[in-house]
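Read the structure below first, then the notes.
The values are calculated or read from the model by the stated rules, or taken from the named source; none is laboratory data. Owing to the predicted nature of the structure, the values given are computational and were not obtained by experimental measurement. Cβ placement follows ideal geometry from the backbone for every residue including glycine, while neighbour counts extend to all protein chains displayed.
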Amino acid sequence: MPGRLPTKGDFPSSVNLSISPPPSSQQPTNVLILLHGLGDTNESFTNLGRQLSLPETACIAIQGPTPLPFELGGFHWGDDLIFDQNTGEMDIDTGFKKSTRLILEDVVRDGLIGKCGYKAREIMIFGYAQGGMVGLQAAAELEGDELGGVISIGGVLSLSLPLKALNKKSKTPVLVCKASRGSAVTSGATTKLKDAFDFVEIREWTKNGDGMPSNREEMLPIMQFFARRLRSTKGVPAGSVEIM
């Protein structure tokens with residue numbers, strides 16, 4: 001039996017999320033979990049899910065569990081919030097134990113698999129920066145199953161990843177997109193990804209600093225990854241690359 005369209009009632013009320021059904025009332029064969037970056041909300045990624053318009057795919061945009069302090073607006077995924085005393089910038093990697101539990105237990109295992117009837121293979125994650133880090137950690141810590149795939153834009157594995165997640169490589173395929181200059185995806189970070197996952201694809205964009213895809217060329221490898229990994233009888237519409 002295929003999974004059914006999730007509802008907010010399938011998840012704890014403490015999890016702030018939005019659900020977008022597949023286009024044209026199609027059967028939701030897949031679920032794409034969307035995770036925003038540091039200081040954002042799930043609203044922009046709700047819009048992204050609708051713009052992607054992936055066939056037979058329901059999109060769930062989840063909001064980081066913790067608001068930023070000082071009325072800065074937006075939310076984050078970290079277990080803590082640390083500011084660099086020299087630059088005043090926030091540290092993006094402060095551990096993701098709470099957020100990983102939220103994604104793995106509340107959303108994936110209890111909600112999508114337990115209540116909605118999906119298999120782990122039918123669930124994918126797309127995350128930007130800190131959201132990408134959470135998605136990668138969730139996939140690395142998922143035991144006994146593989147997700148359909150993880151796409152991380154400028155996000156790497158956290159330094160706090162439990163060692164047990166590195167003892168046995170995850171079979172979840174991973175696509176990481178990075179900037180050619182000023183990227184958080186360093187050679188060391190790439191090595192750690194390959195230590196944790198069997199299948200890692202790195203795509204480099206000619207730009208300064210990791211950012212969301214802004215043109216057809218940058219979006220193409222992402223859509224190709226979706227086309228390979230989504231369980232769909234309809235394929236990925238060619239026009240879906242025009243999202244920005």
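If we keep just the residues of the stretch 163-177 that are in a loop (DSSP other than H, G, I, E, B) and surrounded by fewer than 20 Cβ atoms within 10 Å (Cβ to Cβ), which is modelled with the lowest pLDDT? Once the filter is applied, the top-ranked residue is 163. Determine, yes or no, whether residue 39 is touching a strand residue (DSSP E or B) at 6+ places or on another chain (Cβ under 6 Å), touching a residue at least 24 places away in the same chain (Cβ under 8 Å) and more than 19 Å from residue 14 (Cβ to Cβ). So residue 39 does not fit the description; no.
Could you go through the stretch 113-132 and let me know if any residue there is touching a Phe, Trp or Tyr at 6+ places or on another chain (Cβ under 7 Å), modelled with pLDDT of 95 or more and under 20 Å from residue 14 (Cβ atoms). Yes: one or more hits. Residue 229 meets the stated requirement of being at pLDDT 95 or above, of a type outside the set (S, T, N, Q) and closer than 17 Å to residue 34 by Cα.
Scanning the stretch 170-208 for residues being of a type in the set (Val, Ile, Thr) and closer than 24 Å to residue 123 by Cβ gives a total of 6. Among the residues of the stretch 142-162, those that are surrounded by fewer than 19 Cβ atoms within 10 Å (Cβ to Cβ), over 19 Å from residue 37 (Cα atoms) and touching a residue at least 24 places away in the same chain (Cβ under 8 Å) comprise 145, 146. For the structure I just gave you, tell me whether residue 117 is in contact with a Pro (Cβ under 8 Å, 6 or more places away or on another chain), of a type in the set (Gly, Ala, Ser) and surrounded by 18 or more Cβ atoms within 10 Å (Cβ to Cβ). No; evaluated as a whole, the condition is false for this residue.
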